[in-house]
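Each remark here refers to the structure printed beneath this line.
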Amino acid sequence: MSAVNDTKLPPAVFLLTGIPGLEDVHVWISIPFCLMYVTSILGNSFILFIIKADPSLHEPMYIFLSMLAITDLGLSISTMPTTLGILLFNFREISHNACFAQLFFIHSLMYTESSVLLCMAFDRFVAISKPLRYDSILTPPRIVKMGLVSLLRGVALIFPLPILLTQYRYCQANILSHSYCLNQEVMTLACSDIRANIIYGFFITISSVGLDFLLILLSYVMILKTVLSIASHAERIKALDTCVSHICVVLLSYMPGIGLSVIYRFMKSSSPLLQNVLGKVSWLIPPLMNPIVYSVKTKNIRARIIRVFVK
């Protein structure tokens, strides 16, 4: 199918893009992507199994980790099938409705994950700053409510975006520069006035992901203040050690996305290859690395995994 239709009719499909300039080796590139996909699915599923199977891990910290693993599973399932379809079979076409559905799931899961990371930061703040009230503050019903609010917020914020996209008229341009649909890119293909989409997208990004990131930073400022008031050096190290996993996951989740947003908004003349690679990193690396980080850096998870494999 040609990149630009020869007729005057608007394109019925969008065309996804693999890795520009490397089309001849897409099959070989698919091997590490397949490994990443399988590792992500198995890793997050294994984290869920470990936490469910061990009653000693039925604590707020690990319940929030289960929410993170479920979100990461959703992100992997939402992004990788179309990526592998392009790399393995050169299957680039995606209908408008399928594209809008995919971007809805990708973005809503991203916002949900941001909320879960904020909940995990709150968990660490309570555990370190108010240890005697930890169980009374983070009760099971309250944790369930926090999880539901995180999910509902992600869905409610993103729901208007695909509705807005369905109202636009799409002309001859139909090529997307990634192997999955993202709102920032789909809206630029519209021939209609997209100011409402731009303003709304900017608003929800600042008011949700931006706010979450600032609150996470604030929670760690307060955690650091509490830790510095602890007299024992060993206790300080022990308290900070419980936060290392979460800090790594926050950096993995936010930094690539922030970089991609900066490129889209302020560096539009940058290399398509750079945008493509950074886009894949933004969505594929966190689901892959999060279970690895928690397996390596969290003592109880690591001990439970060792017991499973020893058995």
Mind listing whichever residues of segment 24-61 are free of Cβ contacts under 8 Å to residues at least 24 places away in the same chain and either part of a loop (DSSP other than H, G, I, E, B) or not hydrophobic (A, V, I, L, M, F, W, C) (or both)? ASP24, PRO32, LYS52, PRO55, HIS58, GLU59
Quick one: ILE94 ticks every box in (1) hydrophobic (A, V, I, L, M, F, W, C); (2) within 21 Å of ALA156 (Cβ to Cβ); (3) outside any helix (DSSP H, G or I) bar one, so which box is it? (2)
Would a scan of segment 73-86 turn up a residue that is in a helix (DSSP H, G or I), of a type in the set (Gly, Ala, Ser), touching a residue at least 40 places away in the same chain (Cβ under 8 Å) and closer than 30 Å to MET146 by Cβ? yes
Among the numbered criteria (1) touching a strand residue (DSSP E or B) at 6+ places or on another chain (Cβ under 8 Å); (2) of a type in the set (Ser, Thr, Tyr); (3) assigned to a helix (DSSP H, G or I), which one does TYR168 miss? (3)
Residue check, VAL293 against (1) surrounded by 16 or more Cβ atoms within 10 Å (Cβ to Cβ); (2) modelled with pLDDT under 80, all met but one. Which one? (2)
Taking segment 100-116 and keeping residues in contact with a Leu (Cβ under 8 Å, 6 or more places away or on another chain) and of a type outside the set (S, T, N, Q) leaves PHE100, LEU103, PHE104, ILE106, HIS107, LEU109, MET110, TYR111, GLU113, VAL116
Quick one: how many residues across segment 204-263 are more than 19 Å from TYR294 (Cβ to Cβ) and either touching a residue at least 40 places away in the same chain (Cβ under 8 Å) or not in a helix (DSSP H, G or I) (or both)? 16
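For segment 270-311, give me the residue count where each residue is out of contact with any helix residue (DSSP H, G or I) (no Cβ under 8 Å at 6 or more places or on another chain) and in a helix (DSSP H, G or I).
Restricting attention to segment 270-311, the residues satisfying the condition of being out of contact with any helix residue (DSSP H, G or I) (no Cβ under 8 Å at 6 or more places or on another chain) are 271-273, 276-277, 299, 303, 306-307, 309-311.
Add one more test, that the residue is in a helix (DSSP H, G or I), and what stays is 272-273, 276-277, 299, 303, 306-307, 309-310.
Adding up the residues that qualify gives 10.
Going by the conditions given, is GLU113 of a type in the set (Asp, Glu), buried (at least 18 other Cβ atoms within 10 Å of the Cβ) and either in a loop (DSSP other than H, G, I, E, B) or at pLDDT below 90 (or both)? Steps first, answer last, please.
On the way: of a type in the set (Asp, Glu): yes; buried (at least 18 other Cβ atoms within 10 Å of the Cβ): yes; either in a loop (DSSP other than H, G, I, E, B) or at pLDDT below 90 (or both): no.
Judged against the criteria, GLU113 is not a match.
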Out of SER177, SER208, which single residue is among the small types (Gly, Ala, Ser), more than 28 Å from SER66 (Cα to Cα), out of contact with any strand residue (DSSP E or B) (no Cβ under 9 Å at 6 or more places or on another chain) and surrounded by 14 or more Cβ atoms within 10 Å (Cβ to Cβ)? SER177
Residue hits (segment 227-249; β-branched (Val, Ile, Thr) and buried (at least 17 other Cβ atoms within 10 Å of the Cβ)) are VAL227, THR242, VAL249
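The values are calculated or read from the model by the stated rules, or taken from the named source; none is laboratory data. All values reported here derive from a predicted model rather than from experimental measurement. Cβ coordinates were reconstructed from backbone atoms using ideal geometry, including for glycine residues, and neighbour counts include every protein chain displayed.
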